[in-house]
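One structure below.
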Amino acid sequence: MSRTAILFAALVMWALPIAPSGADQNDPRLDRLFTELKLAADQASADDIAAEIWALWRKTDNPVAAQALADGSEAIRTRQYRSAYRHFSKVIEQAPAFAEGWNARATVLYLMGAYRESIDDIRETLQREPRHFGALSGLGLIFLQQKQFGPAAAAFRDALLINPHLPRIQAAIDELESRQRSIDEKNAI
C-alpha cells in the first residue's frame, strides 16, 4: 500500500457508522472539543477527541441525508465508488448546508481520481466548516498526487493548526520539507 493510500485511509474516519440525530458542523460542543484537541496531552486523548468531532460532523437531522450518508459510506467500504458518489450527491441534494455530505463526496471523487471535482467539494466543505482538518488533509493529498508540493505542505500545515495530533500528516510535511532541502542544496552548488 502506498504512503498516499495509507494517509488517505487514516483520514476516512467518517466512514464509520453514523447515528442520525441533531448535530453537524454547527453543534455548539465543537468549540469545546476543538480547544481540547489542541491541548490534548497525548495521541490517545487526541484521537478520542477527534473521534467525537467526527461523530458530531457525521450527524444530521435529515433522515434521508443520514441514510444516504450511511449507504455511501458502505459503498466506499466495498469500493463501489460510483454508487458512493450517487449516495453522497443525494446527501448534498437533501442537506446542502451539511458539510460532511460535501466532504464525503470529495473523498469518493479523490478515490475516483477526479481531483478537480474533489477540490471543488473540499471548498464547499470548508465554507461550511473551516475547521475541517479532514478536508484540509484531503486537499493536501490531492496536491501531493499532482506533485504540487508547496500547496500540499500548506494544506497539511493548515490541518495541523486545527488538529496538531495528525502524525501521518506531520510525517508528510517532514518528508516534503526534507525533499525541498535536498532540492535547495542541489541548486546551491
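Is there any pair with a first residue in the range 158-177 that is in contact (Cβ under 8 Å) with a residue 60 or more places away in the chain and a second that is among the charged types (D, E, K, R) whose Cβ atoms are under 7 Å apart and which are 6 or more apart or on different chains, and what are they? Short answer, once both residue conditions are applied: Ile162/Arg131; Pro164/Lys38. The condition of being more than 23 Å from Asp27 (Cβ to Cβ) and either basic (Lys, Arg) or at pLDDT 95 or above (or both) holds for only one of Gln80, Gln94, that being Gln80.
Remark: Asn26 matches the filter, which requires a residue to be farther than 21 Å from Ser137 by Cβ, free of Cβ contacts under 8 Å to residues at least 12 places away in the same chain and not aromatic (Phe, Trp, Tyr).
Does Ile122 fit the bill of being under 13 Å from Ala66 (Cα atoms) and either among the hydroxyl-bearing types (Ser, Thr, Tyr) or touching a Phe, Trp or Tyr at 6+ places or on another chain (Cβ under 9 Å) (or both)? If you could, list the steps in order and put the result at the bottom.
Working: under 13 Å from Ala66 (Cα atoms): no; either among the hydroxyl-bearing types (Ser, Thr, Tyr) or touching a Phe, Trp or Tyr at 6+ places or on another chain (Cβ under 9 Å) (or both): yes.
No: the conditions fail for Ile122.
When Pro20, Pro28 are screened for being in contact with an Asp or Glu (Cβ under 8 Å, 6 or more places away or on another chain), at pLDDT below 95 and not hydrophobic (A, V, I, L, M, F, W, C), only Pro20 passes. If you check Asp47, Asp42 for being at pLDDT 95 or above, under 18 Å from the mean Cα position of the chain (by Cα) and surrounded by fewer than 18 Cβ atoms within 10 Å (Cβ to Cβ), only one passes: Asp47.
Can you tell me which condition Pro130 does not meet? The list is (1) closer than 23 Å to Asp48 by Cα; (2) assigned to a helix (DSSP H, G or I); (3) within 12 Å of the chain's Cα centre (by Cα), and all the others hold. All conditions pass for Pro130, except number (2).
Look at (1) among the β-branched types (Val, Ile, Thr); (2) buried (at least 19 other Cβ atoms within 10 Å of the Cβ); (3) part of a helix (DSSP H, G or I) and you find that Val64 fails only one, number (2).
Being part of a loop (DSSP other than H, G, I, E, B), over 14 Å from the mean Cα position of the chain (by Cα) and of a type in the set (D, E, K, R) is true for just one of Lys90, Lys147, Lys186. Which residue is that? If you could, list the steps in order and put the result at the bottom.
Working: Lys90 fails: part of a loop (DSSP other than H, G, I, E, B); Lys186 fails: part of a loop (DSSP other than H, G, I, E, B).
Sole residue among the options that is part of a loop (DSSP other than H, G, I, E, B), over 14 Å from the mean Cα position of the chain (by Cα) and of a type in the set (D, E, K, R): Lys147.
Residue-wise test of (1) touching a residue at least 60 places away in the same chain (Cβ under 8 Å); (2) closer than 19 Å to Leu56 by Cβ; (3) in a helix (DSSP H, G or I); (4) out of contact with any Lys or Arg (no Cβ under 7 Å at 6 or more places or on another chain).
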residue: Tyr85; (1), (2), (3), (4): no, no, yes, no
residue: Ala106; (1), (2), (3), (4): no, yes, yes, yes
residue: Tyr110; (1), (2), (3), (4): yes, no, yes, yes
residue: Glu117; (1), (2), (3), (4): no, no, yes, yes
residue: Gly134; (1), (2), (3), (4): yes, yes, yes, yes
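The values are calculated or read from the model by the stated rules, or taken from the named source; none is laboratory data. Treat the numbers as computed from the prediction; the structure is a model and nothing was measured. Using ideal geometry, Cβ is built from the backbone for each residue, glycine included, and neighbour counts are taken over all protein chains shown.
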